[in-house]
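Read-outs throughout are calculated quantities, based only on the coordinates presented, and are distinct from any laboratory measurement. Computed from a predicted model, the values in this text were never measured in an experiment. For neighbour counting, all protein chains shown are included, and Cβ atoms are generated from backbone atoms with ideal geometry for every residue, glycine included.
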Amino acid sequence: MKFLYFIFISYLKFNLWNGIEIYLKEERGYPLVSFMVIILSGSAYENPEELGLTHFLEHMLFDGTKNYKREKLNEEFSNSGIYVNAFTREDYTAFFFTGPSKEIKKGIYLLSEMLFESNFPDEEFEKEKNVVIEEMNMERKREENIHEEEAMKYLFAGLPYSNPVIGYEETIKNLKKENLINFWKKHYIPQNMKIIAVGDFETEDILEMIRIYFGKYPPGERIY
């Protein structure tokens, strides 16, 4: 006899004035917090001549802000014991960190810097092209990735989902910084964001931190 188990997770939902949706779940088991910002923009929203732009933008947001150069940004996360990363999918991009609960404020601040205050240094722009192309070549040496790419082309023929999230070498080489920044300004807006946090925190405290660092930006014009 088979049994089905359903786990209902209780969480609290809030909305900032600028449109950001917030989902919070207090968990007291360990002095850790996981915090994620989801941007409702993925590779399916790219122009055909700029395939891979969304994933490339994800990389560039780690390369420095108006207040922190790349090395200093990495140092701030590392010295606070915070692990930070990101990933891109067809329909969304996610940035997240996990770290000690006592460092939540630092993590939220630094992540807001990356998402809203990046400065896209010229030298990093060209370096990042090589990094992404190298990543692309490594991925396409794996048999499972080759099969997945072919399956997506077949299943979603004629649709944006048929293209690989990482793009193609030619489109990455031809990316222009101006187009990247325009895409960022258009898509990385509060109305296009959701925040999820789970861990050892007081709801009111973390809400106030989010209001301080994410609530100061205008909603922007949602395009979807």
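Most tightly packed first, judged by the mean number of other beta-carbon atoms within 10 Å of their residues, the peptides 93-103, 209-219, 22-32 read 93-103, 209-219, 22-32.
Could you check how many percent of all C-alpha pairs in region 76-167 are farther apart than 22 Å? In whole percent, the long-distance tail amounts to 49. Considering only Cα atoms, the convex hull volume of the chain works out to 167 Å³ per residue.
Quick check on my link table: of LYS69/LYS186; LYS141/LYS186; LYS153/LYS176; LYS102/LYS194; LYS13/LYS185, which ones sit more than 32 Å apart, alpha carbon to alpha carbon? Cα-Cα > 32 Å for LYS141/LYS186; rest within.
Charge tally around GLU75: other residues with Cβ under 15 Å, Lys/Arg +1 each, Asp/Glu -1 each, net -1.
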